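Notes follow once the structure below has been shown.
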Amino acid sequence: MDLEPMTNFETMENKKRVVVGLSGGVDSSVAAYLLKEQGFEVIGMFMKNWHDESVTISNECPWMEDSTDAMLVAEKLGIPFQAIDLSEEYRERIVDYMFAEYQAGRTPNPDILCNREIKFDIFLKAAQKLKADFVATGHYCQKGELKKDGKTIYQLLAGADPNKDQSYFLCQLNQEQLAQALFPIGHLQKSEVRQIAKEQGLITADKKDSQGLCFIGKVRLPDFLQQQLKPKKGKILVVPEDLRVYDRQSIPAGLDIDDFDNDTLDALCLPIQYQANQGKVIGEHNGAHYFTIGQRKGLQVGGTGKPLFVIATDTRENLIYTGLGEDHPGLNRHGLFVAKKDIHWIREDLSLPLGSSTRYQARIRYRQPLTWATLIMRDNGLYVIFDEAQRGIASGQFVAWYNGAESIGSGVIY
């Protein structure tokens, strides 16, 4: 971690010090402005996490432009500014993780890991070296507090703008991280954030939102993966809708979920394992590790009538299994499983006891509407059974469960 030197100064009397992660975008710019208006002592810090522009689409979120914009915002607001180089930590904790997950045929979510491992760990520690009381980001989420048995419990709440709520991306934070986090724009609509930026003459007021990987920008994912995962020709197979294996994916009629035995839960929640003889070859691909469950684009197979979706990948045999149409039973599942080691409770006081079950709303991807689900805790892990079948449940992604607007916990999908 390379922290550029800056002039030492003491915390102003009676003022809390906040280090804001200035990304060069409008959201973090307004977050810094609001904190200053509220009387905090604000320091702006830009995180440089990526050096390789060879896979970045030109003019799409280049880090140098972002760094310059962040510096200009800090100058406009009259706050100290510095840059921090976290590229080594980012490669170790995020990029290497991504390569390993794709190679194993799983679909990682680097944005969730970036928040847990970089923004609210490495960056937080850097802020603490500057004697900061808090770190702040431009996330569209909110923080609540409540007292329970004399102890303060911090809540991660959805952002007020339903179209921008980013609580899903923060679903791996813990109580210690939340205690030191501030989300200054979480109570605002995106339109209000842009209006504030315009009124204050911030250079980022009309800047487009960044796309793609956290702190890297918009990248060509196949080019990015090919840095370590080389192309390899393989077969694309289409699997019929009436394959007998789908019988085990439905919820038995008249059976109470609480009465499910482990075999029934496994049949409902674990990924289907296909065999090559269960499908018909309809095309070729350049590497099973480049594809994910639910993917439609990139298969380059025509003449199928219905749209073709990836329903499973086998990176060991380099095979892709597909299904025809959005209603294909291999694409839609009622359940998923989270291994014991991958269960995370933001609200540790609400963790589910062994052998019990509860009802929460849940989602398996950003911006997906919340759906009611039953969570069942067994000795090997957590089973999540949705009232409505979910499309494209992918191993390696995250499921997050909520009580209303509050994010209660999350886990990596097995």
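From Gly186, Gly212, which residue is modelled with pLDDT under 90, within 27 Å of the chain's Cα centre (by Cα) and crowded, with 16+ Cβ neighbours inside 10 Å? Can you show your working first?
Values: Gly186 fails: modelled with pLDDT under 90.
Sole residue among the options that is modelled with pLDDT under 90, within 27 Å of the chain's Cα centre (by Cα) and crowded, with 16+ Cβ neighbours inside 10 Å: Gly212.
Count, please, the residues in the stretch 61-111 that happen to be surrounded by fewer than 16 Cβ atoms within 10 Å (Cβ to Cβ), among the hydrophobic types (A, V, I, L, M, F, W, C) and more than 30 Å from Ser410 (Cβ to Cβ).
1
Take Ala127 and decide whether it is surrounded by 21 or more Cβ atoms within 10 Å (Cβ to Cβ) and modelled with pLDDT of 95 or more. Before the answer, list the steps.
Numbers: surrounded by 21 or more Cβ atoms within 10 Å (Cβ to Cβ): yes; modelled with pLDDT of 95 or more: yes.
Against the criterion (surrounded by 21 or more Cβ atoms within 10 Å (Cβ to Cβ) and modelled with pLDDT of 95 or more), Ala127 qualifies.
From the residues in the stretch 130-155 that are hydrophobic (A, V, I, L, M, F, W, C) and touching a residue at least 24 places away in the same chain (Cβ under 8 Å), which one is most open to solvent (accessible area, probe 1.4 Å)?
Initially, the stretch 130-155 is screened for residues hydrophobic (A, V, I, L, M, F, W, C), giving 130, 132, 134-136, 141, 146, 153.
Add one more test, that the residue is touching a residue at least 24 places away in the same chain (Cβ under 8 Å), and what stays is 130, 132, 134-136, 141, 153.
Details: Leu130: 29, Ala132: 19, Phe134: 46, Val135: 1, Ala136: 0, Cys141: 0, Ile153: 14 Å².
Result: Phe134.
Anything in the stretch 35-60 that is surrounded by fewer than 21 Cβ atoms within 10 Å (Cβ to Cβ), assigned to a helix (DSSP H, G or I) and modelled with pLDDT of 95 or more? List them, or say none.
Answer for the stretch 35-60, where residues must be surrounded by fewer than 21 Cβ atoms within 10 Å (Cβ to Cβ), assigned to a helix (DSSP H, G or I) and modelled with pLDDT of 95 or more: Lys36, Glu37.
Just wondering, is there one or more residues in the stretch 219-230 that are loosely packed, with under 12 Cβ neighbours inside 10 Å and either modelled with pLDDT under 85 or not small (Gly, Ala, Ser) (or both)? Walk me through it before giving the result.
So the first thing to find is which residues in the stretch 219-230 are loosely packed, with under 12 Cβ neighbours inside 10 Å, and the list is 230.
Next, from what is left, pick out any that are either modelled with pLDDT under 85 or not small (Gly, Ala, Ser) (or both): 230.
Yes, the conditions are met somewhere in the stretch 219-230.
Of these, Gly303, Gly392, which one is touching a residue at least 12 places away in the same chain (Cβ under 8 Å), small (Gly, Ala, Ser) and at positive phi? Before you say what the answer is, go through the steps one by one.
Details: Gly303 fails: touching a residue at least 12 places away in the same chain (Cβ under 8 Å).
On inspection, the qualifying residue turns out to be Gly392.
Pick out the one residue from Thr315, Thr322, Thr292 that is touching a residue at least 40 places away in the same chain (Cβ under 8 Å) and touching a strand residue (DSSP E or B) at 6+ places or on another chain (Cβ under 6 Å). Quick ask: steps written out before the conclusion?
Details: Thr315 fails: touching a strand residue (DSSP E or B) at 6+ places or on another chain (Cβ under 6 Å); Thr292 fails: touching a strand residue (DSSP E or B) at 6+ places or on another chain (Cβ under 6 Å).
Checking each option against the conditions leaves just Thr322.
Restricting attention to strands (runs of 3 or more DSSP E) lying wholly within the stretch 316-414, give those where 2 or more residues are touching a helix residue (DSSP H, G or I) at 6+ places or on another chain (Cβ under 7 Å). Quick ask: steps written out before the conclusion?
Details: elements: 319-324, 332-339, 343-345, 357-363, 371-378, 381-391, 398-403, 406-412.
The strands (runs of 3 or more DSSP E) meeting that bar are 319-324, 332-339, 357-363, 371-378, 381-391, 398-403, 406-412.
Which condition breaks for Gly323 when tested against (1) of a type outside the set (Asp, Glu); (2) open to solvent by 20 Å² or more (accessible area, probe 1.4 Å); (3) within 25 Å of Ala389 (Cα to Cα)?
(2)
For the stretch 356-369, check the following and say yes or no: at least one residue is open to solvent by 20 Å² or more (accessible area, probe 1.4 Å) and hydrophobic (A, V, I, L, M, F, W, C). Let's see the steps before the verdict.
Residues of the stretch 356-369 open to solvent by 20 Å² or more (accessible area, probe 1.4 Å): 356-361, 363, 365-369.
Among the residues that remain, those that are also hydrophobic (A, V, I, L, M, F, W, C) are: none.
No: the stretch 356-369 contains no residue that is open to solvent by 20 Å² or more (accessible area, probe 1.4 Å) and hydrophobic (A, V, I, L, M, F, W, C).
With the checklist (1) surrounded by fewer than 16 Cβ atoms within 10 Å (Cβ to Cβ); (2) under 31 Å from the mean Cα position of the chain (by Cα); (3) in a loop (DSSP other than H, G, I, E, B) in hand, flag the one item Asp258 doesn't pass.
(3)
The values are calculated or read from the model by the stated rules, or taken from the named source; none is laboratory data. What you see is a predicted model; the values in this text were computed from it and never measured. For neighbour counting, all protein chains shown are included, and Cβ atoms are generated from backbone atoms with ideal geometry for every residue, glycine included. These area figures cover heavy atoms from the full protein model, side chains too; ligands, DNA and RNA do not enter into them. Shrake-Rupley method; radii C 1.70, N 1.55, O 1.52, S 1.80 Å.
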